[in-house]
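Visitor: One structure follows; several queries about it will come next.
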Amino acid sequence: MLIAGFPAGAWGTNCYLVAPAAGEECVIIDPGHQAADGVAEAIAKHRLKPVAVVLTHGHLDHVASVVPVCGAHDVPAWIHPDDRYMMSDPEKALGRSIGMPLLGELTIGEPDDVKELTDGAALHLAGLELTVSHAPGHTKGSVTFGLPEAADIPPILFSGDLLFAGSIGRTDLPGGDMAEILDSLARVCLPLDDSTVVLSGHGPQTTIGQERATNPYLRQVAADRQGHGAAEAPRRGM
């Protein structure tokens, strides 16, 4: 398994290229603001052939390079239908103007080929099987992508902005909802094995076991599931 990841753009959003090995087909996850050059460098370095872009959600910092990346490689983009509008209307997604200087750097709109994600779907792309879990709360159309355990590789969760090391995604933008994100954490993350590696939309990698032990939000939902409650986690996120 090859996973090449790098933080891109003004928000340091993690973009990932995932392939069975160097020299093979790959999937690109969340090519956000100013990610196109990093994607091109990773493709050249590892001799990869992109077959699809998949998106954890529609916020600008995760989709800003979708049009040029998909266009350069003639590949489709996959996104949940609830977030699809954000590719063409990023200001509405943020609930305010993001400013003309920033907009002037971007190619806003949809790529030529857009496919829609559904909860529980298994995407067979580039010799990989990505399991889609709808996980609203940060946005209405947020999803995660899971890769099963294989050989000496633990299971992997590409969590987008659902779960970070020590925190969770913010819920104060349009489509955000604290109750929904806590429910998503309980449904999507709690059942996973502690060995599951979490590759999130921002910040360093972590594991489900580490977050189960230390993340105040995951600890809160775990305690709620066990029925004895816990001190409420601080209501903030990234």
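The values are calculated or read from the model by the stated rules, or taken from the named source; none is laboratory data. Treat the numbers as computed from the prediction; the structure is a model and nothing was measured. Methodologically, a virtual Cβ is constructed for each residue, glycine included, from the backbone with ideal geometry; neighbour enumeration extends over all protein chains shown. Just the protein is used for accessible areas: all its heavy atoms, side chains included, with ligands, DNA and RNA removed. Shrake-Rupley method; radii C 1.70, N 1.55, O 1.52, S 1.80 Å.
Visitor: Looking for whichever is outside any helix (DSSP H, G or I), of a type outside the set (Asp, Glu) and in contact with a helix residue (DSSP H, G or I) (Cβ under 9 Å, 6 or more places away or on another chain) here; the options are Leu182, Leu192. Which one fits? Quick ask: steps written out before the conclusion?
Guide: Values: Leu182 fails: outside any helix (DSSP H, G or I).
None of the others qualify; the one that does is Leu192.
Visitor: Hey, among the residues in segment 202-225 that are open to solvent by 50 Å² or more (accessible area, probe 1.4 Å) and in a helix (DSSP H, G or I), which one's modelled with the lowest pLDDT?
Guide: Arg225
Visitor: Got a number for residues in segment 134-169 being open to solvent by 50 Å² or more (accessible area, probe 1.4 Å) and on the phi < 0 side of the Ramachandran plot? Give the steps one after another, and end with the answer.
Guide: Restricting attention to segment 134-169, the residues satisfying the condition of being open to solvent by 50 Å² or more (accessible area, probe 1.4 Å) are 140, 148-149, 151-153.
The next check asks that each one be on the phi < 0 side of the Ramachandran plot; those that pass are 140, 148-149, 152-153.
Number of matching residues: 5.
Visitor: When only residues in segment 106-128 that are surrounded by fewer than 17 Cβ atoms within 10 Å (Cβ to Cβ) and in contact with a Pro (Cβ under 7 Å, 6 or more places away or on another chain) count, which is farthest from Gly32 (Cα to Cα)? Even if it seems obvious, please write down each step before you answer.
Guide: As a first pass, look at segment 106-128 and keep what is surrounded by fewer than 17 Cβ atoms within 10 Å (Cβ to Cβ): 107-110, 112-113, 115-116, 118-122, 124, 127.
Add one more test, that the residue is in contact with a Pro (Cβ under 7 Å, 6 or more places away or on another chain), and what stays is 107-108, 113, 115-116, 127.
Working: Thr107: 11, Ile108: 12, Asp113: 18, Lys115: 18, Glu116: 18, Gly127: 24 Å.
By that ranking, first place goes to Gly127.
Visitor: For segment 59-78, state whether one or more residues are over 23 Å from Ala126 (Cα atoms) and open to solvent by 40 Å² or more (accessible area, probe 1.4 Å).
Guide: Checked against the condition, which is being over 23 Å from Ala126 (Cα atoms) and open to solvent by 40 Å² or more (accessible area, probe 1.4 Å), segment 59-78 yields no hits at all.
Visitor: Just one of Ile43, Ile3, Ile28 is in contact with a Pro (Cβ under 6 Å, 6 or more places away or on another chain) and at pLDDT 95 or above; which is it?
Guide: Values: Ile43 fails: in contact with a Pro (Cβ under 6 Å, 6 or more places away or on another chain); Ile3 fails: in contact with a Pro (Cβ under 6 Å, 6 or more places away or on another chain).
After applying the criteria, what remains is Ile28.
Visitor: Counting only residues that are in a loop (DSSP other than H, G, I, E, B) and open to solvent by 50 Å² or more (accessible area, probe 1.4 Å), which one in segment 1-21 is nearest to Ile156 (Cα to Cα)? Reasoning before the result, please.
Guide: First, pick out the residues of segment 1-21 that are in a loop (DSSP other than H, G, I, E, B): 1, 9-12, 20-21.
Then keep just the ones that are open to solvent by 50 Å² or more (accessible area, probe 1.4 Å); that gives 1, 10-11.
On the way: Met1: 11, Ala10: 26, Trp11: 23 Å.
My answer is Met1.
Visitor: Return the residue satisfying two criteria in turn: it lies in segment 195-216 and is touching a Lys or Arg at 6+ places or on another chain (Cβ under 9 Å) and not basic (Lys, Arg), and of such residues it is farthest from Pro7 (Cα to Cα). Before the answer, list the steps.
Guide: Taking segment 195-216 first, the residues touching a Lys or Arg at 6+ places or on another chain (Cβ under 9 Å) are 211-213.
Now drop any that are not not basic (Lys, Arg), which leaves 211, 213.
Values: Glu211: 21, Ala213: 26 Å.
That would be Ala213.
Visitor: Let me ask something else. Scan segment 113-124 and report the pairs whose first residue is within 16 Å of Ser184 (Cα to Cα) and whose second residue is of a type in the set (Val, Ile, Thr) and not in a loop (DSSP other than H, G, I, E, B), with Cβ atoms within less than 7 Å and a gap of 6+ or a chain change.
Guide: Correct list of pairs: Thr118/Val132; Asp119/Val132; Gly120/Val132.
Visitor: Kindly indicate the residue of segment 32-48 that is outside any helix (DSSP H, G or I) and open to solvent by 40 Å² or more (accessible area, probe 1.4 Å) and also farthest from Pro136 (Cα to Cα) among those meeting that condition. Lay out the reasoning, then the answer.
Guide: Applying the first criterion (outside any helix (DSSP H, G or I)) to segment 32-48 yields 32-35, 47-48.
Cutting the leftovers down to open to solvent by 40 Å² or more (accessible area, probe 1.4 Å) gives us 34, 47.
On the way: Gln34: 26, Arg47: 35 Å.
Looking at residues that are outside any helix (DSSP H, G or I) and open to solvent by 40 Å² or more (accessible area, probe 1.4 Å), I get Arg47.
Visitor: Anything in segment 55-77 that is more than 16 Å from Leu173 (Cβ to Cβ) and within 12 Å of the chain's Cα centre (by Cα)? List them, or say none.
Guide: Leu55, the sole residue that qualifies.
Visitor: Still on this structure, please answer the following. Buried (at least 23 other Cβ atoms within 10 Å of the Cβ) and in contact (Cβ under 8 Å) with a residue 40 or more places away in the chain: does that describe Val51?
Guide: Working: buried (at least 23 other Cβ atoms within 10 Å of the Cβ): no; in contact (Cβ under 8 Å) with a residue 40 or more places away in the chain: yes.
So Val51 fails the test.
Visitor: Could you run through segment 81-105 and say how many residues are modelled with pLDDT of 70 or more and open to solvent by 20 Å² or more (accessible area, probe 1.4 Å)?
Guide: If we filter segment 81-105 for residues that are modelled with pLDDT of 70 or more, which is where we start, we get 81-90.
Among the residues that remain, those that are also open to solvent by 20 Å² or more (accessible area, probe 1.4 Å) are: 81-82, 84-85, 88-89.
Number satisfying all stated conditions: 6.
Visitor: Right, here's the next one. Any chance you could count how many residues in segment 170-200 are surrounded by 15 or more Cβ atoms within 10 Å (Cβ to Cβ), of a type in the set (Gly, Ala, Ser) and farther than 21 Å from Gly12 by Cα?
Guide: Qualifying residue count, segment 170-200: 3.
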